[in-house]
1. Go through (1) polar (S, T, N, Q); (2) free of Cβ contacts under 8 Å to residues at least 60 places away in the same chain; (3) part of a helix (DSSP H, G or I) and name the single condition residue 36 misses.
2. Within segment 141-167, can you find the residues that are surrounded by 13 or more Cβ atoms within 10 Å (Cβ to Cβ) and in contact (Cβ under 8 Å) with a residue 24 or more places away in the chain?
3. Out of all the residues in segment 152-165, is one or more under 25 Å from the mean Cα position of the chain (by Cα) and closer than 21 Å to residue 95 by Cα?
4. Here is a list: 11, 105, 55, 30. Which entry is in the same structural domain as residue 173 (by TED's automatic domain parsing) and modelled with pLDDT of 95 or more?
5. Looking only at residues in segment 108-141 that are within 28 Å of residue 183 (Cβ to Cβ), outside any helix (DSSP H, G or I) and of a type outside the set (Phe, Trp, Tyr), which one is nearest to the chain's Cα centre (by Cα)?
6. Are any residues in segment 142-167 at pLDDT below 95 and not in a helix (DSSP H, G or I), and if so, which ones?
7. Which residues, counting only those in segment 134-173, are closer than 22 Å to residue 100 by Cβ and of a type in the set (Val, Ile, Thr)?
8. Considering segment 118-131 alone, what residues qualify as being surrounded by fewer than 18 Cβ atoms within 10 Å (Cβ to Cβ) and over 30 Å from residue 187 (Cα atoms)?
Amino acid sequence: MEGKILEAHVTNLGKYNEGRLVGAPLNFPTTTEDVQALLKRIGVDGVRYEEIFITDFESDILGLYDHLGEYESIDELNHLAHLLSGKDGDALAKLEAVMDSGEYTGSVKDLINLTQNLDNYDFYPDVDSEEALGRLYIQEFEAIQVPEHLIDYIDYEAYGRDVRINEGGHFAPGGYVMSNHGSFVEHYHGIEDIPPEHRVFAYPQLNIREQMAAYQEVIDRSALNEGKQRLSVSREDR
């Protein structure tokens, strides 16, 4: 796929809780080195700060970011992006349509499995109304035999409505999509199924001086918090 598959704005959760918004964008698919570099930039080193959350998503795949949450796994997002990067334009258009219908969009796990089961759906680009659907089935698929002299008297909209209802189809922004009732296979069950080459989350590697500074800051912060707690208790006793 050309264009932006997925970008996440990764934010330092600890600093956010302290009242500071510190984050940076990360493009997927990505590498361990890029993840480590980003975490170092936003101050997540695994010592002073360990947790992240995602404040925003961007993607050229219509609707993808609508189904992603702020606490998604970096490794799962990377695995999904790798799967999406191998899809051509037709497959991605079908994916957009299925997502618009609301099927298999409840989690990243659902999206990963949906990406690997697109053969279970039929997609007709630019079919955006029941009339267009009726014309497709009658004129191109020859679903029913109509004498040529009666072709202009067919109620295509009514026929298309019946087709959509019977098939449980959906009109998405890009066209009409329906399940062809194939066997949906759950390839992905959890993080343990992510291939090693798609697992990229790792804290930055700190040198000795950086480690010492990080641990000292944690100690100082802990001592400061204890001091504040003692002061608060002392005031309550008065």
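1. (2)
2. Those that are surrounded by 13 or more Cβ atoms within 10 Å (Cβ to Cβ) and in contact (Cβ under 8 Å) with a residue 24 or more places away in the chain: 156, 157, 159, 160, 161, 163, 164.
3. Scanning segment 152-165, I find no residue that is under 25 Å from the mean Cα position of the chain (by Cα) and closer than 21 Å to residue 95 by Cα, so the answer is no.
4. That would be 105, the only listed residue that is in the same structural domain as residue 173 (by TED's automatic domain parsing) and modelled with pLDDT of 95 or more.
5. Filtering segment 108-141 for residues that are within 28 Å of residue 183 (Cβ to Cβ), outside any helix (DSSP H, G or I) and of a type outside the set (Phe, Trp, Tyr), the one nearest to the chain's Cα centre (by Cα) comes out as 116.
6. 142, 143, 144, 145, 146, 147, 154
7. 163, 165
8. 126, 128, 129, 131
The values are calculated or read from the model by the stated rules, or taken from the named source; none is laboratory data. The shown structure was predicted, so the numbers you read here are calculated from the model rather than taken from an experiment. With ideal geometry, Cβ positions are generated from the backbone for all residues, glycine too; neighbour counts draw on all protein chains shown.
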